[in-house]
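Beneath this line is the structure, given in structure tokens, with notes to follow.
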Amino acid sequence: MMKTLLGGMSPRQFLEEYWQKKPLLVRQAVPGFTGVVSRDELFDLACDADVESRYVRYLPDTPGSEWVLERGPQTRGRLRGKRQPWTVLVQGLNLWSPAGDALLHQFDFIPQARLDDLMVSYAVDGGGVGPHFDNYDVFLLQGIGKRRWQIADQEDRSLVEDAPLRILKNFQPAHDWVLEPGDMLYLPPHWAHNGTAIGECTTYSIGFRSPTAQELGAEFLGWMQERICLDGLYADPDLTLQENSAEIGPKMIDQIENMLSAIRWSRKDVTEFIGEYLTEPKAHVFFDPPEKPLSRKRFETAVNRHGYALDARTLLLWSETGFYLNGEPVEFDPADHPALADLAHRRKLERGQTLSASFLDLLHQWHEDGFAHPSSDHD
Ligand code: SIN
Ligand code: CO
């Protein structure tokens, strides 16, 4: 991590005093930063059907429908508009750009399990998504140009009705800053904010995931469905004559309630579920296995010479029950645990490292699957 990223503060102090508690403005968090993609690359991504993007226009002269939202893929025409302020937002930049992935991982003083994605927005003068609040933490890093950020810790979270995006009805800014390239603003969840471009600008949002209890519960039950193994069969040798044959009688319900109460889960189940759930690729993510994967022997030479890196789309996390890669548990030799944990943390291996044969077998498998690659000369 760069020393300047938190303005010289240690990650420990940041976690104690700011994380999920209060905003932090860091001037020159990334000195010299002007973004990880050019405007043209950003527009290409916005026009790509595989990339999640949003286009937001503000029309001050149409009361009641000032905000217009168009989901991607965008068209070139939209991205040329000059008359009204607009902005285009591209989600998951880390999936498409290794430099974006590297930027995201500057923030791994927060567990990777909490990281969501890197979003980039481009706006023309006056453009923005309006005053709103988010349910998750975000670091807003200024790329090119300037953006004015107004923020508030307000209780009133009522939203404009019928707007296509979440706009606060009564935004009362308490702080007001203009961010320049490399400046960064951290916001905890639920802080109201409004970012307005001053001239054309780009903003990079490092976003975190905070699943709701409802979402976790529903996903966990889906996962458990394939795991449960219940004994027994409905039986009623003591059946007595029922007055109304259409009634589902209380004895039947008692017995079924009893059968279902055998559904149990352990901490191990929860740990395995969460490893698979948190590494599950998003719906639009696909891997490109190499057409001609290197043979095991040539692979070993390549890794030894150049090193190895996880694909930007790959998620690799671990816990007390083992390692999870892109939604699946990993089978590995226990002796390789430290090497795997190091790869998961740093997402790459240097060249010339001594690696066991079993570890190399695993790395080779991931190369064949397109989950990771030997580094090239340019990395
Ligand atoms: C933006 O980059 O314009 C929006 C970021 C945000 O408000 O969360
Ligand atoms: Co926001």
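Just to be sure, is Val129 in contact with a helix residue (DSSP H, G or I) (Cβ under 6 Å, 6 or more places away or on another chain) and touching a residue at least 24 places away in the same chain (Cβ under 8 Å)?
Values: in contact with a helix residue (DSSP H, G or I) (Cβ under 6 Å, 6 or more places away or on another chain): no; touching a residue at least 24 places away in the same chain (Cβ under 8 Å): yes.
No.
As an exercise: evaluate Ile253 against (1) surrounded by 15 or more Cβ atoms within 10 Å (Cβ to Cβ); (2) at pLDDT 95 or above and give the number of the one condition it does not meet.
Among (1) surrounded by 15 or more Cβ atoms within 10 Å (Cβ to Cβ); (2) at pLDDT 95 or above, Ile253 violates only (1).
For Asp156, state whether it is away from ligand 2 (no atom under 15 Å from the Cβ) and in a strand (DSSP E or B). Explain how you work it out, then say what you get.
On the way: away from ligand 2 (no atom under 15 Å from the Cβ): yes; in a strand (DSSP E or B): no.
Judged against the criteria, Asp156 is not a match.
For region 315-323, indicate whether the set of residues that are among the β-branched types (Val, Ile, Thr) and under 22 Å from the mean Cα position of the chain (by Cα) is non-empty.
no
Restricted to region 160-177, and to residues that are within 13 Å of ligand 2 (Cβ to nearest atom) and free of Cβ contacts under 8 Å to residues at least 60 places away in the same chain, which residue is least open to solvent (accessible area, probe 1.4 Å)?
Looking at residues that are within 13 Å of ligand 2 (Cβ to nearest atom) and free of Cβ contacts under 8 Å to residues at least 60 places away in the same chain, I get Leu168.
Please specify each residue of region 182-231 satisfying the condition of being among the hydroxyl-bearing types (Ser, Thr, Tyr) and either part of a loop (DSSP other than H, G, I, E, B) or more than 16 Å from ligand 1 (Cβ to nearest atom) (or both).
Ser210, Thr212
Just checking, how many residues over region 104-131 are among the aromatic types (Phe, Trp, Tyr) and either touching a Ser or Thr at 6+ places or on another chain (Cβ under 6 Å) or within 15 Å of ligand 1 (Cβ to nearest atom) (or both)?
1
For the condition open to solvent by 60 Å² or more (accessible area, probe 1.4 Å), aliphatic (A, V, I, L, M) and closer than 25 Å to Asn194 by Cα, what is the one hit in Leu15, Leu24, Leu45?
Leu15
I need the full set of residues from region 19-60 which are aromatic (Phe, Trp, Tyr), modelled with pLDDT of 95 or more and not in a loop (DSSP other than H, G, I, E, B), in order please. Steps first, answer last, please.
Just the residues of region 19-60 that are aromatic (Phe, Trp, Tyr), to begin with: 19, 33, 43, 55, 58.
Among the residues that remain, those that are also modelled with pLDDT of 95 or more are: 19, 33, 43, 55.
Residues satisfying the conditions are Phe43, Tyr55.
Evaluate the following for Thr62: is it open to solvent by 40 Å² or more (accessible area, probe 1.4 Å), out of contact with any His (no Cβ under 9 Å at 6 or more places or on another chain) and not basic (Lys, Arg)?
yes
Checking the conditions here, which among Leu95, Leu89 is modelled with pLDDT under 95 and open to solvent by less than 40 Å² (accessible area, probe 1.4 Å)?
Leu95
If Asp134 passes every condition in (1) within 30 Å of Gly275 (Cα to Cα); (2) within 15 Å of ligand 1 (Cβ to nearest atom); (3) open to solvent by less than 20 Å² (accessible area, probe 1.4 Å) but one, which one does it miss?
Here Asp134 meets the rest and fails (3).
The values are calculated or read from the model by the stated rules, or taken from the named source; none is laboratory data. All values reported here derive from a predicted model rather than from experimental measurement. With ideal geometry, Cβ positions are generated from the backbone for all residues, glycine too; neighbour counts draw on all protein chains shown. SASA here: full protein model, heavy atoms, side chains in, ligands and nucleic acids out. Shrake-Rupley method; radii C 1.70, N 1.55, O 1.52, S 1.80 Å.
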